[in-house]
Amino acid sequence: MTAQSSAPFSPKEIAAEGLKPEEYEEIVRRLGRHPNKAELGMFGVMWSEHCCYKNSRPLLKQFPTTGPRILVGPGENAGVVDLGDGLELAFKIESHNHPSAVEPFQGAATGVGGILRDIFTMGARPIALLNSLRFGSLEDVKTQRLFQGVVAGISHYGNCVGVPTVGGEVYFDLAYSGNPLVNVMALGLMETPEIVKSGAAGIGNPVLYVGSTTGRDGMGGASFASAELSDQSIDDRPAVQVGDPFLEKSLIEACLEAFKTGAVVAAQDMGAAGITCSTSEMAAKGGVGIELDLDKIPVRELGMVPYEYLLSESQERMLFVAHKGREQELIDIFHRWGLQAVVAGTVIAEPIVRILFEGGIAAEIPADALAENTPLYQRELLAEPPEYARQAWEWKADALPPCTNAGIEVQGSLQSWHEILLTLLDTPTIASKSWVYRQYDHQVQNNTVIFPGGADAAVVRLRPLEPPPTVNGGGNKGVAATVDCNPRYVYLDPYEGAKAVVAEAARNLSCVGAEPLAVTDNLNFGSPEKPIGYWQLAEACRGLAEGCRELATPVTGGNVSLYNETLDSQGNPQPIYPTPVVGMVGLIPDISKICGQAWQTAGDVIYLLGLLPTSNDNLGASEYLATIHNTIAGKPIKVDFESERRIQKVCREGIRAGWIRSAHDCAEGGLAIALAESCIAGNLGAQITLELPANQSTRLDTLLFGEGGGQIFVSVASEQQEIWESYLQEHLGQQWQKLGTVVNSEMGLGVLTSDNHTLIKVSINDMIDRYSQAIARRLAVHITTPS
């Protein structure tokens, strides 16, 4: 007889907690008895993929996690890097995908609140937010509702809590129709003398519950986040938390004040799995136990039972371990900020989590069984790439109609190159995201140096509100941050695509003059239980690990979000594109020596760092191929890391020397889109001459819209031309090209071939109209473009 057959729960009840039959058998083996309802729920949330990474942990071990600037790596609430001069930066990325799919406003809002708690739990004051968002087609009414709700939720929480949203990315693709992705990254500047860790310590020390009250909202959110979405997911609205950004603002101030007293031994925010997660993780990391009395917990609803207390994901709550005898000192601080604070438990020697309720024991489980010694699944990797990938890799550019100087035939009619350029500028994935970021307060705290849309990465001044005694002032330093992922690349080739994600993130930082330092990643994938899903996850992790090693950007932590699949009405799972989002931070030694993507002055000389795409394979996986020819095929170009390191260093040095006046990387849409974006940003034109390659087989659309190769466009003042070209010759050899000059806005963007044929001639106003109105037009809203 199996343990399950004699269980006090039906198979359906066990499955409802997200547990497999064999996992239930393991629970019984570890406890030596059947669990009660509360304990079953605790195991359900803590053994979910969202909390224990049971499918991904073996793959994460290959990530580089150490380096000269790494102070805290994976395993804590956030990573911490050393910026020099006593300045330390905490940063982390998290997802709130499933909650945002069923309740977009609160799902996104509480995603912001959760990542901010990860930051200030370390003793850091949050200084910036970024987000990486994915939605289905913007032509779809449901997508419009999700999109508007998510943006409103991010805006509401970030604006109210007083942390600027300084950057991000938004993609639209049918692959995300039923399962949007909402990834939020936060940065914070350490404000306490010591980094606050989460491991409980000190037998007999009091355990404090602080922050908001506990209710039934967010019940089982961790398990909900580890299951596919279906037509019935709307019924899971109780699994979506409700946030209060004004209370969180008070919590930030109270926590930082409390940490500075030295009375706090350890701290943990109550995120996924709430009280269950915070008690078990603090106990397991400290090698001790925690006894917690639920009768002491402040509640907002009557009649709650242990199961509800333990699985509630009510927001803005924390658990502290305090030095014995100093608990009242901490309680007084939280009361002064209008927050709850009670002694709810004690650190005990026996390494268990013991939950008390109404005078009895409601749950008693070894802490390690919940938080550390959790199930681990070694999946079998496909012996060869799946059929969809092999078929896509067979694609060749010969399948496209032939090109002429006049354009290319698309669906039976000739389209000129400038018409194609305007069509791509009107594509929501490429188009201006001003409709989004105008809703965010990106200037609060008054440290945002480059506003959203102005550069390839966000730049924030490092100005501690209350510098710790060890800080030497920090000088004029800044931090740059970016979030990146081209999911189509990763779908078509997870290994090469993931390497390209890391390379682009580093390139974006280099384009503002920042030295890339470290990474936090958010792995958004489908089900790892399916061979294709696991192959995508495993290959992408391999690519991320290699990219981070090559560019010396260790991984300090992150988040894994699996089972991003939508069950259609027939019950067939539709997975998203594999989307490993990389959040990367970089150091700017002097914020007076940075640059954005906009052309600065007519007469400046435009250069390409890197080589023009000459292989027609560069059209594979491109936005041009997908949008204009409705084809998802080919492979992303392999990353040349030696070239990346060289080009990025030249760009950074050129910015710091004051030679480079603008820099913009060549990404989605290729050369033509990158040039257009710099024209639009600076309201200036450009006259470009493309040297036709000796290789006669190179197509014109490859030159204009091919992707990959790690190129960067820069503009340099004409009086600096000689010294700049001498520097280029010395450090890049033949790996650069002078392309043209910046011209007055009336001349627009002109792209000619070296044999004097005009490929593109388009006005600034036409580009601005398509680019700035693309999203608003689909939402039937008009945006006024600033003059």
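The values are calculated or read from the model by the stated rules, or taken from the named source; none is laboratory data. Note that the structure is predicted; figures quoted are calculated from it, not measured. Cβ coordinates were reconstructed from backbone atoms using ideal geometry, including for glycine residues, and neighbour counts include every protein chain displayed. Accessible surface areas use protein heavy atoms only, side chains included; no ligands, DNA or RNA. Shrake-Rupley method; radii C 1.70, N 1.55, O 1.52, S 1.80 Å.
Dimensions of the stretch 260-347 based on its C-alpha atoms, expressed as ranges along the principal axes with the largest first, amount to 34, 33, 20 Å.
Under 20 Å of direct C-alpha separation, and excluding same-chain neighbours fewer than eight residues apart, LYS396 reaches these lysines: LYS635, LYS638.
Under the rule of -39500 (n - 2.57) per DSSP H run of 4 or more residues, summed and divided by the residues of the chain, what mean residue ellipticity at 222 nm is obtained, to the nearest 500 deg cm²/dmol? Could you put the intermediate results ahead of the total?
On the way: 26 runs with 264 residues, N = 787.
Value at 222 nm, helices only: -10000 deg cm²/dmol.
The 3J(HN,Hα) values that the Karplus relation (6.51, -1.76, 1.60; θ = phi - 60°) gives for the stretch 429-442 are, in residue order, 5, 8, 4, 4, 9, 4, 4, 7, 6, 5, 8, 9, 7, 9 Hz. Gly and Pro appear as x. Quick one: Debye curve from the alpha-carbon atoms of the stretch 608-718 only, equal weights, vacuum; give me log10 I(q)/I(0) at q = 0.09 Å⁻¹ to two decimals. Reported log10 I(q)/I(0), two decimals: -0.25. Label reach from SER592 (point 7 Å along Cα→C-beta): in the stretch 492-524, amide nitrogens under 18 Å belong to 513-514. Please work out whether the stretch 390-429 counts as rounded, prolate or oblate from its C-alpha gyration tensor, where a ≥ b ≥ c are the square roots of the eigenvalues and a/c under 1.5 means rounded, while otherwise a/b larger than b/c means prolate and anything else oblate? In terms of gyration-tensor shape, oblate.
Can you figure out the FRET efficiency of ALA349 with ARG57, using R₀ = 41 Å and their beta-carbon distance, to the nearest 0.05?
Numbers: r = 28 Å, r/R0 = 0.69.
The value I calculate is 0.90.
In the chain, the longest principal axis of the Cα atoms and the axis of helix 104-120 are about 80 degrees apart.
Estimated from the Cβ-Cβ distance and a Förster radius of 45 angstrom, the FRET efficiency linking GLN328 and GLU25 is about 0.45.
Computed extension gain for LEU381 through GLU139, at 0.36 nm per residue and net of the alpha carbon distance, reaches 83.4 nm.
Based only on the alpha carbon positions, what is the Kirkwood hydrodynamic radius of the stretch 288-398, in angstrom? Please report the intermediate quantities before stating the final value.
Details: mean 1/r = 0.0546 Å⁻¹.
By the Kirkwood definition, the hydrodynamic radius is 18.3 Å.
3J(HN,Hα) along the stretch 86-99, derived from phi through the Karplus expression 6.51 cos²θ - 1.76 cosθ + 1.60 where θ = phi - 60°, amounts to x, 8, 10, 10, 9, 7, 6, 10, 9, 10, 9, 6, 5, x Hz, with x in place of Gly and Pro. Helix 141-161 and the long axis of the chain differ in direction by around 70°, with both axes built from C-alpha atoms.
If you take the Cα atoms of the chain, find Rg, then find the Kirkwood Rh from the mean of 1/r over all pairs, what is Rg/Rh? Looking at the chain, the ratio lands at 0.99.
A P(r) calculated from all alpha carbon pairs of the stretch 85-204, with 5 Å bins opening at zero, reads 2, 12, 21, 20, 15, 11, 8, 5, 4, 2, 1, 0 percent. Judged by the mean number of other Cβ atoms found within 10 Å, the most tightly packed of the peptides 121-129, 59-67 leads the ranking 121-129, 59-67.
When peptides 356-367, 663-674, 723-734 are ranked by their average number of other Cβ atoms within 10 Å per residue, the highest-first order is 663-674, 356-367, 723-734. For the stretch 706-712, putting each phi into the Karplus relation 6.51 cos²θ - 1.76 cosθ + 1.60 with θ = phi - 60° gives couplings of x, 10, x, x, x, 7, 9 Hz, in residue order, rounded to whole numbers and with x for Gly and Pro. Relative to the longest principal Cα axis of the chain, at what angle does helix 494-510 sit, 0 to 90 degrees, rounded to 10? Relative to the chain, helix 494-510 is tipped by roughly 80 degrees. Near VAL299, the amide H atoms lying under 5 Å from its own belong to THR214; only residues 5 or more places off or on other chains count, and H is placed 1.01 Å from N. For GLY478, the amide hydrogen comes within under 5 Å of the amide hydrogens of LEU462, ILE588, ASP590, ILE591, counting only partners 5 or more places away or on other chains and with H modelled in the peptide plane.
Over all distinct alpha-carbon pairs, what is the Kirkwood Rh of the stretch 359-426 in angstrom?
On the way: mean 1/r = 0.0535 Å⁻¹.
Result for the stretch 359-426 stands at 18.7 Å.
Alpha-carbon geometry of the stretch 657-748: the Rg and the Dmax are 13.8, 39 Å, given in that order. Shown for the chain: the carbon plus sulfur share of the solvent-accessible area, taken with all protein chains present and a 1.4 angstrom probe, equals 49%. Amide H contacts of VAL519 (H built 1.01 Å from N, in plane; Pro and chain starts excluded): VAL555, THR556 sit under 5 Å, all sequence-distant by 5 or more or on other chains. Ignoring lysines fewer than eight residues from LYS54 along the same chain, the ones with Cα atoms less than 25 angstrom from its Cα are LYS12, LYS20, LYS37, LYS92, LYS197, LYS285, LYS499, LYS530. In the stretch 339-463 the Cα-Cα distances spread across 10 Å bins starting at 0 as 8, 15, 12, 16, 24, 13, 7, 5, 0 percent of all pairs.
Would you work out the charge dipole size for the chain about its Cα centre, treating the Cβ of every Lys and Arg as +1 and the Cβ of every Asp and Glu as -1, and quote it to the nearest 20 debye?
It works out to roughly 780 debye.
At q = 0.15 Å⁻¹, what is the base-10 log of I(q)/I(0) for the stretch 716-787 according to the Debye formula with one equal point scatterer per Cα and no solvent? Please give it to two decimals. For the requested q values the scattering log ratios are -0.77.
Computed over the Cα atoms, what is the radius of gyration of the stretch 461-567 divided by 2.2 N^0.38 Å, N being its residue count? Could you put the intermediate results ahead of the total?
Working: Rg = 17.1 Å, N = 107, 2.2 N^0.38 = 13.0 Å.
Ratio of Rg to 2.2 N^0.38 Å for the stretch 461-567: 1.32.
For ASP441 and ASN405, the difference between the fully extended length at 0.36 nm per residue and the C-alpha to C-alpha distance is 8.5 nm. Length available on full extension from VAL305 to LYS37: 0.36 nm per residue minus the Cα-Cα distance, which gives 95.5 nm.
Using the Cβ-Cβ distance between ARG336 and ALA152 with R0 = 51 Å, the FRET efficiency computed as 1/(1 + (r/R0)^6) comes to roughly 0.95.
Going by average Cβ density within 10 Å per residue, which order do the peptides 694-707, 240-253 take, highest to lowest?
Details: 694-707: 20.0, 240-253: 21.5.
Result, highest mean first: 240-253, 694-707.
The stretch 1-106: Rg/Rh from Cα coordinates, Kirkwood Rh? Rg divided by Rh gives 1.14.
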